[in-house]
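Asks: If you scroll down you'll find the structure; I have some questions about it.
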């Protein structure tokens with residue numbers, strides 16, 4: 001049995017009268033890509049927000065690395081323990097160059113939550129710069145390292161955000177619909193990128209609508225419907241599960 | 001940096017032709033230069049628009065004058081205590097104001113500034129001496145001066161730096177050296193990992209948090225540093241003229257530094273200094289131009305043209321210098337949102353482009369010849 005990185009136990013969350021998450025239990029294994037799918041309003045984003053501490057659940061517990069409690073921590077503290085997130089709408093530094101965009105997470109990772117390094121010169125930070133250059137190379141944007149990030153296309157912004165997360169070498173990476181709103185060509189590029197970084201052995205949780213993406217990269221899939229997990233298994237098991245077809249596709253063949 | 005040092009120290013020479021070479025104005029350039037670059041650390045790097053920076057200017061001035069009154073006429077302790085006091089008060093104001101961002105932050109700082117301004121006229125009267133302003137008197141204790149039995153001159157003593165009196169040009173050179181030192185620190189901050197993180201906060205604070213940086217202490221540090229710069233500027237005002245009044249803390253003074261920063265170019269290294277130069281020059285030179293000066297200027301024209309031009313330009317000079325400043329500010333904000341620095345950058349780019357085109361044409365010609 002593989003080691004568990006993230007454990008979600010008996011999590012309940014309701015908004016007003018709506019039960020968004022209904023007794024969720026989930027274990028994410030180290031080194032695996034775990035996809036969470038489900039129709040709109042199934043509670044996918046709520047679950048992700050609970051995982052990163054953005055939302056406090058009504059009951060239940062989320063623990064990281066066998067004991068560290070996630071709930072109640074601030075965003076920067078959650079990042080410090082090794083959990084990084086890609087947002088649904090790309091959160092990058094639009095006014096800075098691509099290189100600076102990737103250097104900042106590397107600096108932040110090294111310096112911790114606060115460091116007053118006023119009398120240090122940026123030009124001495126060769127190590128950080130090399131890390132950033134490496135990350136830009138992974139996403140194939142090294143030739144544009146001096147471009148200002150706001151001029152990138154939507155797909156490129158998302159890949160840049162992915163590079164910003166990868167440069168921190170997190171233990172667990174959460175991706176919230178990494179290909180939503182992308183053109184087919186962009187989606188394929190991102191799938192290639194996700195497959196490429198899969199080999200690094202980093203644990204990932206992916207929330208995704210696009211079945212093509214999910215079945216190309218995921219090792220394990222959980223299906224959410226109306227706030228409850230109705231099935232968890234390998235892609236083949238999920239494809240064959242009649243319950244999933246019913247909930248997600250209204251009975252159509254996958 | 002070397003060029004900057006040379007440029008600042010030689011200001012009396014190159015400002016002479018435009019009539020700006022007198023110590024009073026030169027000192028203002030240097031002092032407001034420190035104020036503006038300090039402000040740019042906060043506004044330019046983090047994007048937090050403070051409407052209350054004049055408080056630190058006032059605090060710096062009052063502290064310096066008190067140091068002159070109680071301790072010594074030497075300027076070093078005065079400056080030290082001013083920076084310290086401004087830093088402490090900035091930490092307090094920053095701690096509260098930085099709980100909010102955007103317009104709410106601006107309003108909070110404005111509220112603090114008005115509070116200090118009004119306190120100076122009421123509750124804090126014993127410290128600020130109200131409307132009269134805090135002045136040196138003959139019976140000030142000056143314990144350190146007395147302890148070292150320094151000779152007391154006739155009348156009121158003047159501020160000094162180990163014997164060098166801070167009047168006239170020596171006062172300017174002292175301020176200039178302070179400006180150079182402040183600029184050095186400012187440049188260091190701009191080019192440090194710390195400065196880059198501040199830029200990250202300006203660009204996307206949410207992302208900054210999600211990559212593991214606690215943004216609040218960074219913002220408070222930036223606020224305190226910029227408050228200390230303002231405190232230094234305030235103490236230099238007292239050094240060159242040992243008198244402190246509450247009008248230094250009025251919101252218009254905070255507005256002025258915002259104007260300077262935007263005019264020159266927010267977030268650029270040299271922009272705020274250019275803004276200071278333009279505004280202080282207009283304030284001091286344009287406001288002193290009167291009708292006879294204009295008549296002289298247009299005397300090459302025939303009589304009717306002279307009087308016509310004089311009456312046309314009259315509203316823009318003298319008392320009307322604010323009109324010129326307002327028009328200039330509007331033009332810059334509309335056409336050059338990045339301030340004067342953006343204008344300079346555009347000129348530079350167009351020259352470079354021209355050069356590149358010429359070069360490529362030349363090489364094209366050569367290759368076709370070959």
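Asks: Under a GNM of chain B (C-alpha, springs under 10 Å), which listed residue has the highest mean-square fluctuation: B:136, B:232, B:26?
Replies: Per the Cα network of chain B with a 10 Å cutoff, B:136 tops the list.
Asks: Kirkwood Rh, Cα Rg: Rg to Rh for the range A:32-172?
Replies: 1.00
Asks: I've got another one for you. Looking at the square roots a ≥ b ≥ c of the eigenvalues of the Cα gyration tensor of the range B:208-316, which shape do they give, rounded for a/c under 1.5, prolate if a/b is larger than b/c, or oblate? List each step's numbers first, then the result.
Replies: On the way: a/c = 4.08, a/b = 2.22, b/c = 1.84.
It comes out prolate by the Cα gyration axes.
Asks: Now a separate question. For each of B:322, A:76, count neighbouring Cβ atoms within 10 Å of the residue's Cβ, then give the residues from fewest to most.
Replies: Sorted ascending by nearby Cβ count, the order is B:322, A:76.
Asks: If neighbour count is taken as other Cβ atoms inside 10 Å, put B:162, B:105, B:172 in order from fewest to most.
Replies: The most exposed by this proxy come first: B:162, B:105, B:172.
Asks: Among B:355, B:206, B:188, which one shows the biggest mean-square fluctuation in a GNM of chain B, springs joining Cα atoms closer than 10 Å?
Replies: B:355
Asks: A further question on this structure: Could you grab the Rg to Rh ratio for the range A:93-169? Cα atoms only, Kirkwood for Rh.
Replies: That ratio equals 0.97.
Asks: Let me ask you something else. Please compute one quarter of the surface area of the Cα convex hull for chain B and express it in square nanometres.
Replies: Mean projected area for chain B: 26.7 nm², to one decimal.
Asks: Now a separate question. Suppose R0 equals 25 Å; then what is the FRET efficiency for residue A:4 and residue A:71 from their Cβ-Cβ distance, rounded to the nearest 0.05? All intermediate terms of the calculation are to be shown ahead of the outcome.
Replies: Details: r = 17 Å, r/R0 = 0.68.
Using R0 = 25 Å, I get an efficiency of 0.90.
Asks: At 222 nm, what value in deg cm²/dmol follows for the protein assembly as shown if DSSP H runs of at least 4 each add -39500 (n - 2.57) and the sum is divided by all its residues, to the nearest 500?
Replies: Result for the protein assembly as shown, helices only: -18000 deg cm²/dmol.
Asks: Tell me, what is the percent relative contact order of the range B:285-361, built from C-alpha pairs under 8 Å that lie six or more residues apart? Numbers along the way, then the final one.
Replies: Values: 39 pairs, mean separation 17.8, N = 77.
Averaging sequence separation for qualifying contacts and normalising by length gives 23 percent for the range B:285-361.
Asks: If I take R0 = 56 Å and measure r between the Cβ atoms of residue A:23 and residue A:116 in this structure, what FRET efficiency does the formula 1/(1 + (r/R0)^6) give, to the nearest 0.05? Let's see the in-between values first.
Replies: On the way: r = 46 Å, r/R0 = 0.82.
My answer for the efficiency is 0.75.
Asks: I would also like to ask the following. Equivalent-ellipsoid semi-axes (√(5λ), Cα gyration tensor) for the range B:1-127, whole Å, largest first?
Replies: 29, 22, 13
Asks: Give me the one-decimal Kirkwood hydrodynamic radius in Å for chain A, with the sum taken over alpha-carbon pairs.
Replies: The answer is 19.1 Å.
Asks: Assign one of three labels to the range B:1-73, namely rounded, prolate or oblate, based on the Cα gyration tensor with a ≥ b ≥ c the square roots of its eigenvalues; rounded applies when a/c is under 1.5, prolate when it is not and a/b is larger than b/c, and oblate otherwise.
Replies: Numbers: a/c = 2.24, a/b = 1.19, b/c = 1.88.
Here the range B:1-73 falls in the oblate category.
Asks: Mind checking the angle between helix A:98-111 and chain A's longest principal axis? C-alpha axes, 0 to 90 degrees, to the nearest 10.
Replies: 80 degrees
Asks: May I ask you to derive the relative contact order of chain A, considering only C-alpha pairs under 8 Å and at least 6 residues apart, and to give it as an integer percent? Don't skip to the answer; put the middle values down first.
Replies: Numbers: 447 pairs, mean separation 66.6, N = 254.
It rounds to 26 percent for chain A.
Asks: Give me the number: length gained by fully extending residue B:292 to residue B:137, i.e. 0.36 nm times residue separation minus the C-alpha to C-alpha distance, one decimal in nm.
Replies: Going from the current span to full extension adds 51.7 nm.
Asks: Below 8 Å between Cα atoms, with a sequence gap of 6+, how large is the relative contact order for the range A:93-220 in percent?
Replies: This gives 27 percent for the range A:93-220.
Asks: How much space per residue, in cubic angstrom, does the convex hull of the C-alpha atoms of the protein assembly as shown take up?
Replies: 257 Å³
Asks: What is the spin-label model distance, in nm, from residue A:171 to residue B:347 if the labels are put 7 Å beyond Cα along the C-beta direction?
Replies: According to this spin-label approximation, the distance is 5.8 nm.
Asks: FRET efficiency for residue A:216 and residue A:246, Cβ-Cβ distance as r, R0 = 30 Å, nearest 0.05?
Replies: About 0.80, to the nearest 0.05.
Asks: Based on the alpha-carbon gyration tensor of the range B:237-370 and its eigenvalue square roots a ≥ b ≥ c, which shape applies: rounded if a/c is under 1.5, prolate if not and a/b is larger than b/c, or oblate? Write out the running numbers ahead of the final one.
Replies: Values: a/c = 3.14, a/b = 1.46, b/c = 2.14.
It is oblate, given that a/c is not under 1.5 and a/b is not larger than b/c.
Asks: Only Cα pairs within less than 10 Å get springs; with that Gaussian network setup on chain B, which residue of B:146, B:75, B:224 has the largest fluctuation?
Replies: Greatest mean-square fluctuation among the candidates belongs to B:146.
Asks: Could you work out the pair-distance distribution P(r) of the range B:95-207 from its alpha-carbon pairs, with 5 angstrom bin width and percents rounded to whole numbers?
Replies: The percentages, shortest bin first, are 2, 8, 9, 10, 11, 15, 15, 12, 9, 5, 3, 1, 0.
Each value in this text was obtained by applying a stated rule to the coordinates, not by laboratory testing. These figures come from a predicted structure and were not determined experimentally. Methodologically, a virtual Cβ is constructed for each residue, glycine included, from the backbone with ideal geometry; neighbour enumeration extends over all protein chains shown.
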